[in-house]
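A.B. asks: Sharing a structure here in structure tokens format.
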Amino acid sequence: MAELSDQVAAFLSTGTRTGMLGYLASDGRPLVAPVWFVVDDGALVFNTGADTAKGRALARDPRVVICVDDPHPPYSFVQVQGIAAVSENADDLLASATRIGARYMGADRADEFGRRNAVPGELLVRVRPTKVISAFGVAD
């Protein structure tokens, strides 16, 4: 397993950058979808519905990639290849959805977002890195 360096974790945790999740459709086509995420204990964590394309794909094949970029000069990106583990644990789901809500919606809406997204049928997804590729200050 690969680890997130301090520099990579800091980059991934800055602001409200959206991750682009790559996964495979049932017919093998590559798909990409945006995800809101947080870094937690060396993993990238997000929520999704069990019956969404992402949820169904993760049930078939847990191999994923998440790419996060800074589209402003001097441009940077991090690509995390990994294995996704899913859970329906209500307490963990509420905690992660609330943290994600705080990051992307603001502290004043964190609880609302957490409660809305920690319901039956939602999944907590933890992506443990197997490979990390990063480039900082590409245009320097």
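A.B. asks: Would you calculate, for the chain, the mean residue ellipticity at 222 nm contributed by helices, counting each DSSP H stretch of 4 or more residues as -39,500 (n - 2.57) and dividing by all residues, to the nearest 500? Intermediate values should be presented prior to the final figure.
C.D. replies: Working: 4 runs with 40 residues, N = 140.
Roughly -8500 deg cm²/dmol at 222 nm, from the helical runs in the chain.
A.B. asks: Taking 7 Å along the Cα-to-C-beta vector as the label spot, tell me the V86-R116 distance in nanometres, rounded to one decimal.
C.D. replies: Result for the modelled spin labels: 2.2 nm.
A.B. asks: For the range 1-122, give the percent of accessible area contributed by carbon and sulfur heavy atoms, probe 1.4 Å, rounded to a whole number.
C.D. replies: Working: 3480 of 6600 Å².
Carbon and sulfur: 53 percent of the exposed surface of the range 1-122.
A.B. asks: Which parts of the range 66-106 would a label at A139 reach, counting a residue when its backbone N lies under 17 Å from a point 7 Å out along Cα-to-Cβ?
C.D. replies: Counting only backbone N, you get 69-78.
A.B. asks: What net charge do the residues around Y23 carry, taking every other residue with its C-beta under 13 Å from that of Y23, with Lys and Arg at +1 and Asp and Glu at -1?
C.D. replies: +3
A.B. asks: Just the accessible area per residue of the range 6-135, please: how many Å² with a 1.4 Å probe?
C.D. replies: Details: 6690 Å² over 130 residues.
On a per-residue basis, the range 6-135 sits at 51 Å².
A.B. asks: Give the accessible area for R63 in Å² (nearest 10); use a 1.4 Å probe, count only protein heavy atoms, and leave out ligands, DNA and RNA.
C.D. replies: Number for this one is 150 Å².
A.B. asks: Enumerate by residue number the chymotrypsin sites (Phe, Trp or Tyr not before Pro) in the range 56-140 meeting two conditions: DSSP loop (anything except H, G, I, E, B), and at most 14 other Cβ atoms within 10 Å of the site's Cβ.
C.D. replies: Passing both the DSSP loop test and the Cβ count: Y75, F136.
A.B. asks: How much length is gained if the chain between M20 and V132 is pulled fully straight, taking 0.36 nm per residue apart and subtracting their Cα-Cα distance, in nm to one decimal? It would help to have the intermediate numbers written out before the result.
C.D. replies: Numbers: separation 112, 0.36 × 112 = 40.32 nm, distance 1.45 nm.
This chain segment gains 38.9 nm when fully extended.
The values are calculated or read from the model by the stated rules, or taken from the named source; none is laboratory data. Computed from a predicted structure; not experimentally measured. With ideal geometry, Cβ positions are generated from the backbone for all residues, glycine too; neighbour counts draw on all protein chains shown. What goes into the accessible areas is simple: the full protein's heavy atoms, side chains included, and nothing from ligands, DNA or RNA. Shrake-Rupley method; radii C 1.70, N 1.55, O 1.52, S 1.80 Å.
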